[in-house]
1. So, in region 229-254, how many residues would count as being away from ligand 2 (no atom under 13 Å from the Cβ) and not in a strand (DSSP E or B)?
2. Give the residue, chosen from Arg305, Arg347, that is open to solvent by 20 Å² or more (accessible area, probe 1.4 Å), modelled with pLDDT under 90 and under 26 Å from the mean Cα position of the chain (by Cα).
3. Have a look at Leu199, Leu226 and point out the one that is assigned by TED's automatic domain parsing to the domain that holds Gln145, more than 15 Å from ligand 1 (Cβ to nearest atom), out of contact with any Lys or Arg (no Cβ under 8 Å at 6 or more places or on another chain) and open to solvent by less than 10 Å² (accessible area, probe 1.4 Å).
4. Hey, among the residues in region 128-139 that are part of a helix (DSSP H, G or I) and open to solvent by 10 Å² or more (accessible area, probe 1.4 Å), which one's nearest to Arg38 (Cα to Cα)?
5. Give region 27-76 a look and list any residue that's of a type in the set (Lys, Arg) and over 27 Å from the mean Cα position of the chain (by Cα), or say none.
6. Can you pull out the residues in region 255-275 that are touching a residue at least 40 places away in the same chain (Cβ under 8 Å) and in a loop (DSSP other than H, G, I, E, B)?
7. Looking only at region 265-300, which residues are open to solvent by less than 10 Å² (accessible area, probe 1.4 Å) and among the small types (Gly, Ala, Ser)?
8. Could you identify the single residue in Val220, Val246, Val253 that is among the β-branched types (Val, Ile, Thr), within 30 Å of Ile207 (Cα to Cα) and touching a helix residue (DSSP H, G or I) at 6+ places or on another chain (Cβ under 9 Å)?
Amino acid sequence: MSLPDAHGLTRDEWRAALTAWGEPAYRLDQLLEWLYARRAPAWDAMSNLPRALRQRLSATWSLRSLELVTRQASGDATQKFLWRLTDGALIESVLIPASPALYGEASDRHTLCVSTQVGCAYGCRFCASGLEGWRRNLRPEEIVQQVLAVEQWHAARERHEPALATTDPRSRVVSNLVIMGMGEPLANYDHLLKALRILNAPWGGNIGARKITISTSGLVPQIRRLAGEPEQFRLAISLHGATDAVRDRLMPVNRKYPLRELVAACEHYLEHKGRVITLEYLLLEGVNDAPDHARALVQVAARLRAKVNLIPYNRVEGLPWQQPATSVQEAFYKLLVSGGIQATLRREKGADIDAACGQLRLRSERSETRS
Ligand code: SAH
Ligand code: SF4
């Protein structure tokens, strides 16, 4: 039986644990400094904690619940990490050079795309993550660890390649987070929020809430709940169709929460947060790429004062969908812009390494099954 991971606790929970052990109050900040600011890989490295406390901590908590299975780098510097969890399940994270136009402010650093579940229960017809169904929710520490493990990988690489090194031992590679990896984040709401609070806290990951984007396929009650949270997380909706006819065909979730309800929930979010929502729109040949589809999208986006990210589809082995020709993509984009919508046509990042949602894991699981 493996120990629980130390990165699933809030500051208050650590304070309670250390107080129960009779530790002086100042230990709390010392410990959190080692866990987050210094990202210590081992309890023994925490040199200003007494040996007895280190032993007690190491008998109670583990520091690493993810094991790196493979890392793939693509030509555009996107890096994809495949992790094995303590129960053997596989998840993935993707590190993408910061793309200021898409999410958040300009930065010389990177956006990390993290997973929130093993598999996904929502079964969108085009998506690799849903293909093999849902296995389980990630625990808060498994979400937090994706960020820390990438930071540790980055720090180790800097040590081995001095030319890349910065003099600041606390330099970070991850400046922005997008919750767009495997799984439906809002279906794992409590664990997601706890993890994001740890990643957002000044004592923890110290990543600003405005630099964290949560993407959902459209879980209406949870969008409303998120609107009531104090943090200013960004919201992205995987729309992919601006009519019920198109969404019903692609996304079973739309039968439960049709477009009218989804748009109303987004308006509610907008009223409470005053933050621009992003609509993600996959372009699928012959499905949602005609001028009428663009005009329907203009209406929804205008009503929500939303930005639109057009995403050329990344092919999934075994699925029939294709991305439209570049000329069709550009014509679609122009119709949005001439309709007064702020839009981007996303260049595929990491297409050569299966960077889209769930694809690397799917391939590894299939080859593990075969071998
Ligand atoms: N479940 C959430 C977040 C994870 S999916 C959601 O659906 O929003 C993250 C994004 O990747 C979604 O917009 C999803 O539609 C998109 N996506 C899934 N499969 C893709 C593929 N093959 N090519 C490009 N984008 C894909
Ligand atoms: Fe799940 Fe999102 Fe993939 Fe749909 S697109 S199956 S909600 S991960």
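1. Summing the residues that are away from ligand 2 (no atom under 13 Å from the Cβ) and not in a strand (DSSP E or B) in region 229-254 gives 12.
2. Arg347
3. Within the list Leu199, Leu226, the selection yields Leu199.
4. Among those residues, the one meeting the criterion is Gly130.
5. Arg27, Arg51, Arg54, Arg56, listed by residue number.
6. Arg275, the sole residue that qualifies.
7. Result: Ala265, Ala294.
8. None of the others qualify; the one that does is Val220.
The values are calculated or read from the model by the stated rules, or taken from the named source; none is laboratory data. This one's a predicted model, so the numbers in the text were calculated from it and none came from an experiment. Every residue, glycine as well, gets a Cβ built from its backbone with ideal geometry; the counts of neighbours run over all protein chains shown. SASA here: full protein model, heavy atoms, side chains in, ligands and nucleic acids out. Shrake-Rupley method; radii C 1.70, N 1.55, O 1.52, S 1.80 Å.
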